[in-house]
Structure formats: structure tokens, C-alpha cells
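Below is one structure, written out as C-alpha cells, with a few remarks after it.
None of the figures in this text is laboratory data; all of them are computed from the coordinates on show. Please read all numbers here as calculations on a predicted model, not as lab measurements. Glycine also receives a Cβ, built like all others from the backbone with ideal geometry; neighbour counts cover every protein chain displayed.
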Amino acid sequence: MALETLEVKGKIIKILDGGFSTQLSVHVGDKVDGDPLWSARFLATNPSAVLATHLDFLRAGSDIIQTNTYQASVGGFMEHLGTTAEESLKLIASAVELAKEAVRIYSTEKEGVKILIAGSLGPYGAAQHNGSEYTGAYDKFLTKKIIKDWHRPRLETLINGGVDLLAVETIPSKTEAEGLVELLQDYPQAKAWLSFSCLQDGKSLADGSSLKEIVEKCLSIALPGQIIAVGVNCIAPRCVAALLEQIKERGGTSVPLIVYPNSGEQYVVSEGWCPGDSRDPLEDFITDWLDIGVRYIGGCCRTYAKDITKIRDIVELWEMANLNNLAKNLEHSKIPNE
């Protein structure tokens, strides 16, 4: 797909959606996070709720929505739903169709909008249901080949389904990060953002690797123009700025920054989401992130559609206050826009 297909008309800062399973719980009334398939189960059991969740985020102000495939995997569906490999891939494809249908419906409600669909490609750890997307512990025994072979069917299904770009997200491991960027090389027309799962030390991936070094490595091996943004997600808001500054220190590129943090709570496999460092609401940090250079912003776990509306309102005020500088910078930026 050409870079021009990633335009969002009239937008310099792009608003993402929020925590899909969090908002989905509004519609299904079930404890989504405790399920071994998380929100992906509802592709099979309640697709109308998946559609409604996408619409919630669109109506809240999202310019980009992600497919409900973060935890989706062939092996996971086969184990927990009893599907075949072919049926599992069809479920992943159905997630793209549900996102497209949501965009179609929303377009009838608000004319002239340009919405993008990002195919969510969560890490290997997310499908293991053991919290390893927050530790990257599997980096010790998974090779790049294993990682690429595991991700490829999901990635191909999303691309063939017609997503506008890929959300390569919550990546906790050096090996997985490099393997995914190498895998993307096999699909040169695909665009993607890279978003990492990090420690709260302000400088490291979840597996302890240097964030700055792995960002430099990934961008050095990626095809030109294939990575449209790089950043972090699913981390407490107060930890974000230091990580973004680490990314900004890498040299040789002007790829925009992306961030979509969680609420500040912590996920414990045996207990679910527990109170964490959530003293300050997400919206208190947004202008600081925009000043650092964030151009894609949304929410992750434990953020609702109402939080996306708050983000949108703050972003619009910031854009108005910084309009002249943004217009000048846009001429020299790689941000997809008109």
C-alpha cells in the first residue's frame, strides 16, 4: 500500500482507540481479561459486541481503530475454541471485516471522515496468557525463525484482509522485535508502527534490553518508509516521557512517536488488573508528550471510549496553540498527511 493511503484528512496528530477488552466489557458484561483468549473469544461468540466496541471508539473521536486481534492466534483458537487452523484464520479475517463494517456505519453518521484500520499484531507473550508480554521472558528460548513462523499467518491474514497498516505492539523482547521487522521485509508494501512493552526504569524493554539500542537496530534494518511511527504502549502514564526521550536520542531518522499507555494499574495473571501507579490521570500528561514529539496517541488497557474523548479534546487545544509550528514542521516530516 502506498504511503498516501495513510492520510487522515486535516489531522496532524492522530487519535488512536483505547483498551479494546476494557470497552468491550461494557457490552458483554463478562470479565474479558481473565479469559485465555481475552477479547479475541468474542470474534466467535459475540461479534456484534466487537462491532459495537469499534463504534464506541469512532464516536469518541478515534482516527485509527485496531482490529480485535491482539491476543488472536491459530494455536489459541484451536486449543480454546476447538477450531481448525483454517477456521482460526477465518476468525482473524473476520476481525478485519468487523472493523471495516464499523467504519462504514460511522461514515454514514459523519460524512467526510477518513478512518484508518490498523491490524493489531500483539506479541507472542499475549497469546500465552501468562503475563510474559510484560516480561519478555521467552526471549531466552525463542529464535527469530520461531517468532517469524508464529507471526506470519496472522500478519498475512491481516494484510490480505485489507488493513491500512499494522500495529506491531507491546513487543517486550529484543529477539521478537528484530524478528518482526525482518518479517515485515517480506511484505514491502505494508506499513506498520512499532510499539514496545517496557520497564518502569525509563530506558529498557521488558526483557531488560536497551530501548534506544533496539529502536536504532529495528529502524536500521526496516525497509525505507515501512515504519511510520515508533513508541511505547501499555505502561503507566508517568513512565512514558523518559522512554520517549530515550527513543528521541536515537540517530538518523525522524520517524514520529506513538504512545498509548494503560491507566497506571498493574496486570497480575492470578488476579487481573490491580491498583498501581494511577495517582495521576492519563490526560495530565498529554501535552508533555505532544511537546516531545508524539504524533499518534491513544490508550491501552483499562482506558475507555470516554478517555479517548478526553485525549481528543486536549489534542485539539494543543494543535490550535501550536498551529504555526506544526505547519512548518510538517513540510520536513515523514508523518503521513496531506
Under the helix-only model (-39500 (n - 2.57) for each DSSP H run of 4 or more, divided by the residues of the chain), the mean residue ellipticity at 222 nm, to 500 deg cm²/dmol, is -13000 deg cm²/dmol
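Normalised by the residues of the chain, what does the relative contact order come to in percent, with Cα pairs under 8 Å and at least six apart?
RCO, the chain: 21 percent.
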For LEU24, the net charge from surrounding residues (Cβ-Cβ under 14 Å; K, R +1; D, E -1) works out to -2
Counting sequence-distant residues (5 or more places) and residues on other chains, those with an amide H built under 5 Å from that of THR170 are SER195, PHE196, SER197, ASN233
Output row, site GLU97, 7 Å Cα→C-beta label point, backbone N cut-off 15 Å, window the range 45-66, residues 45-51
Labelled set (i) 19.3, 56; (ii) 18.2, 56; (iii) 22.8, 75; Rg and Dmax of the Cα atoms in Å computed from this model equals the value at (ii)
Residue separation between LYS144 and SER107 times 0.36 nm, minus their alpha-carbon distance, gives in nm 9.3 nm
Here the gain from full extension of GLU86 to GLU265, 0.36 nm per residue of separation minus their alpha-carbon distance, amounts to 60.8 nm
Given a Förster distance of 22 Å, the FRET efficiency implied by the Cβ-Cβ spacing of ASP201 and ASP284, rounded to the nearest 0.05, works out to 0.55
Placing each pseudo-label 7 Å from Cα in the direction of the beta carbon, GLN189 and ILE221 end up separated by a distance in nanometres of 2.5
Dividing the mean separation of Cα pairs under 8 Å (6+ apart) by the residue count of the range 53-160 yields a relative contact order in percent of 35
Once the in-chain neighbours fewer than 8 apart are removed, the aspartates and glutamates whose Cα is under 14 Å from LYS148 read ASP139, GLU156, GLU176, GLU178, GLU182, ASP186
Taking 0.36 nm per residue of separation between GLU79 and ARG59 and subtracting their Cα-Cα distance, the length gained on full extension comes to 3.7 nm
Within the range 3-330, the percent of DSSP beta bridges that are antiparallel, given to the nearest 5, stands at 15
